[in-house]
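Please read the structure below before turning to the comments.
The values are calculated or read from the model by the stated rules, or taken from the named source; none is laboratory data. Keep in mind it's a predicted model, so treat the numbers as computed, not measured. Neighbour counts run over all protein chains shown; Cβ positions are idealised from the backbone, glycine included.
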Amino acid sequence: MKDLNNKPLSIKQYLVVGSMLFALFFGAGNLIFPIHLGQLAGANWIPAAAGFLISGVILPLLSVLAISITRSKGVFDIAKPLGTGFAIIFLVMVHATLGPLFATPRTASVNFTVGIKPFIPDQYVQLAMIIFTGIFFIATFLLAYKTTSILDSLGKILNPLFLALLFIAFLLAFLHPMGNAASQSISSTYQHASFFNGFLEGYNTMDALAGLAFGVAVVSAVNVLGKTNPKSNANATAKAGFISESLVGIIYIVLIWIGATSLNLFKISNDNGGTTFNQFMGHYLGSTGHALLATLMTLTCITTAVGLASAFAQDFHQHFPKFSYHQWLGLNCIISFVVANAGLNLIVTWSTPVLMLLYPFAITLILLSIFSPLFKRNKIVYITTIIFITIPAFFDMLVSMPPMISNLTVIQSLIKIEQGILPFANIKMDWILPGIVGAIIGLIIYKYKK
């Protein structure tokens with residue numbers, strides 16, 4: 001397929017695509033997890049940040065490139081070489097994770113924890129959260145019911161204002177640091193293998209999954225600009241992605257550093273960074289700046305929630321047409337409301353094992369898709385690789401379960417056997433070597449058959 005536009009894209013066009021990528025990947029969770037990582041890593045914040053940038057910045061960009069290279073329309077197409085059944089299961093798991101089970105309710109719970117909770121007396125927090133999340137998801141449903149350009153225009157205005165306020169706080173943090181990051185205490189899990197722990201913490205952003213689910217919007221935008229050839233489309237997407245992901249990466253590095261310096265004044269938060277982000281903003285901007293942040297964050301989070309909810313409803317209606325788009329949308333918003341009121345801690349606690357299972361599959365499919373031109377997207381390479389990573393990924397999920405499950409005698413026995421056999425099991429990266437072996441076997445079979 002030839003390009004409709006053979007001329008190089010202009011800087012303005014790259015910025016337009018880059019802003020789409022930024023909006024796709026940056027949400028409320030992207031603010032709290034880096035700052036929490038900084039608190040956990042302390043003096044080891046640099047290697048932890050390096051790991052976080054790979055899973056939180058590079059992988060999401062690669063997921064969009066995978067969509068471009070394979071000319072896929074979303075999660076289903078990316079997994080289709082493994083069969084329709086597997087593709088449907090993977091689509092349901094990804095959209096359930098990004099939708100009503102974790103990411104969509106998190107837009108409301110993080111927003112409430114960071115922006116609203118500091119202004120509410122303790123005895124009224126639960127009631128306030130019910131009211132806030134109820135209004136939040138009613139607004140989400142109404143805006144997603146029939147999306148208009150108003151929401152896009154709102155996002156174009158709000159996001160720059162939100163980022164401007166954030167960068168003012170960053171500047172103040174550099175001019176008047178809360179402490180010396182290099183001299184802060186290191187939590188037990190980050191005293192060793194801080195790079196890999198940072199890499200795993202990046203799973204919480206869910207951005208690699210978001211790239212697979214929504215990356216087609218970015219690829220389509222590049223197509224509209226005339227780059228219709230898969231190779232030139234991927235090249236243009238990569239350049240635009242470098243612009244947006246550089247900004248995301250800078251924000252992450254600063255937040256991780258701030259998290260480490262905050263240990264000089266504040267304790268490690270028990271809500272995955274929500275309280276620390278609160279304390280940081282209050283320390284530098286005071287109550288007025290905090291109130292402005294809360295307002296902007298609420299509005300920007302609604303635009304994120306609308307995008308997640310509408311994408312969930314569209315994909316589920318396409319593959320399960322018995323229910324209409326609006327019925328799937330309503331179900332999503334109702335479940336998201338219930339889950340959001342369970343609290344941010346509970347959402348993160350249960351999302352972690354799911355992400356530990358999903359991410360090895362997502363990373364494998366992303367890499368196979370990127371290198372698929374080398375083996376013509378032959379399904380045998382996909383099948384052997386996925387078979388080899390399935391058991392390690394399942395065990396990583398078991399290890400990450402809440403203690404009431406992971407501490408069961410039978411599960412502990414299975415985990416000990418697995419950790420005695422597979423390399424890197426103690427750092428939850430035991431799926432990598434089996435995945436490489438599976439890919440090599442698949443490639444050998446492909447070459448032999450060819």
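Looking across the stretch 203-234, the residues that are touching a residue at least 40 places away in the same chain (Cβ under 8 Å), outside any loop (DSSP other than H, G, I, E, B) and among the hydroxyl-bearing types (S, T, Y) come down to Y203, T205, S232. Can you confirm whether the stretch 82-91 contains a residue that is in the same structural domain as T133 (by TED's automatic domain parsing), touching a Leu at 6+ places or on another chain (Cβ under 7 Å) and either touching a residue at least 12 places away in the same chain (Cβ under 8 Å) or crowded, with 23+ Cβ neighbours inside 10 Å (or both)? No, there is no match, as no residue in the stretch 82-91 is in the same structural domain as T133 (by TED's automatic domain parsing), touching a Leu at 6+ places or on another chain (Cβ under 7 Å) and either touching a residue at least 12 places away in the same chain (Cβ under 8 Å) or crowded, with 23+ Cβ neighbours inside 10 Å (or both). For the stretch 337-353, the set of residues classified as small (G, A, S), part of a helix (DSSP H, G or I) and within 19 Å of L127 (Cβ to Cβ) consists of A340 only.
Please verify whether P81 is out of contact with any Cys (no Cβ under 8 Å at 6 or more places or on another chain) and not in a helix (DSSP H, G or I), treating the condition exactly as stated. Judged against the criteria, P81 is not a match. On the given criteria, is N345 polar (S, T, N, Q) and either modelled with pLDDT of 90 or more or more than 20 Å from the chain's Cα centre (by Cα) (or both)? No: the conditions fail for N345.
Here F162, F199, F170 are screened, and the one residue that is within 24 Å of the chain's Cα centre (by Cα), modelled with pLDDT of 95 or more and in a helix (DSSP H, G or I) is F199. When the stretch 400-424 is filtered for residues that are surrounded by fewer than 20 Cβ atoms within 10 Å (Cβ to Cβ), of a type outside the set (D, E, K, R) and touching a helix residue (DSSP H, G or I) at 6+ places or on another chain (Cβ under 8 Å), the ones remaining, listed by number, are M401, P402, I405, S406, I411, Q412, L414, I415, Q419, L422, P423, F424. In contact (Cβ under 8 Å) with a residue 12 or more places away in the chain and among the hydroxyl-bearing types (S, T, Y), is that true of S63? Here the answer is yes, as S63 does meet what is asked. Outside the structural domain of K376 (by TED's automatic domain parsing), in a helix (DSSP H, G or I) and within 27 Å of K376 (Cα to Cα), is that true of P100? Against the criterion (outside the structural domain of K376 (by TED's automatic domain parsing), in a helix (DSSP H, G or I) and within 27 Å of K376 (Cα to Cα)), P100 does not qualify. It is to be established whether one or more residues within the stretch 106-123 are in contact with an Asp or Glu (Cβ under 8 Å, 6 or more places away or on another chain) and within 30 Å of T288 (Cα to Cα). Yes, that holds for at least one residue.
L61 satisfies every condition listed in (1) farther than 30 Å from T288 by Cβ; (2) over 15 Å from the mean Cα position of the chain (by Cα); (3) in a helix (DSSP H, G or I) except (2).
Does F112 satisfy the condition of being in a helix (DSSP H, G or I), under 25 Å from V306 (Cα atoms) and either in contact (Cβ under 8 Å) with a residue 40 or more places away in the chain or assigned by TED's automatic domain parsing to the domain that holds A240 (or both)? Answer is yes for this residue.
The set of residues in the stretch 378-390 being hydroxyl-bearing (S, T, Y) and either at pLDDT below 95 or buried (at least 23 other Cβ atoms within 10 Å of the Cβ) (or both) consists of Y382, T385.
Take F375 and tell me if it is surrounded by fewer than 21 Cβ atoms within 10 Å (Cβ to Cβ) and over 20 Å from F214 (Cβ atoms). Answer is yes for this residue. Determine which member of the set S19, S10 is surrounded by fewer than 21 Cβ atoms within 10 Å (Cβ to Cβ), at pLDDT below 95 and within 28 Å of A144 (Cβ to Cβ). Answer to the check: S19. The requirement of being farther than 23 Å from T140 by Cβ, surrounded by fewer than 23 Cβ atoms within 10 Å (Cβ to Cβ) and outside the structural domain of K146 (by TED's automatic domain parsing) is fulfilled nowhere in the stretch 284-301; no residue meets it.
Residue selection: L255 fails the criterion of being over 16 Å from A41 (Cα atoms) and in a helix (DSSP H, G or I).
Scanning the stretch 238-283 for residues that are within 20 Å of A182 (Cα to Cα), surrounded by fewer than 22 Cβ atoms within 10 Å (Cβ to Cβ) and β-branched (V, I, T) gives I250, I251, I253, V254, I268.
All of G38, G27, G42 fail the test of being at positive phi and crowded, with 21+ Cβ neighbours inside 10 Å, apart from G42.
Test I415 against the criterion of being out of contact with any His (no Cβ under 7 Å at 6 or more places or on another chain), farther than 20 Å from I347 by Cα and touching a residue at least 40 places away in the same chain (Cβ under 8 Å), and give yes or no. In short, no.
Of all residue pairs spaced 6 or more apart or on separate chains, none has beta-carbon atoms under 6 Å together with a first member in the stretch 291-312 that is in contact (Cβ under 8 Å) with a residue 12 or more places away in the chain and a second member that is basic (K, R). Going by the conditions given, is S187 among the small types (G, A, S), over 18 Å from A50 (Cα atoms) and surrounded by fewer than 21 Cβ atoms within 10 Å (Cβ to Cβ)? Judged against the criteria, S187 is not a match.
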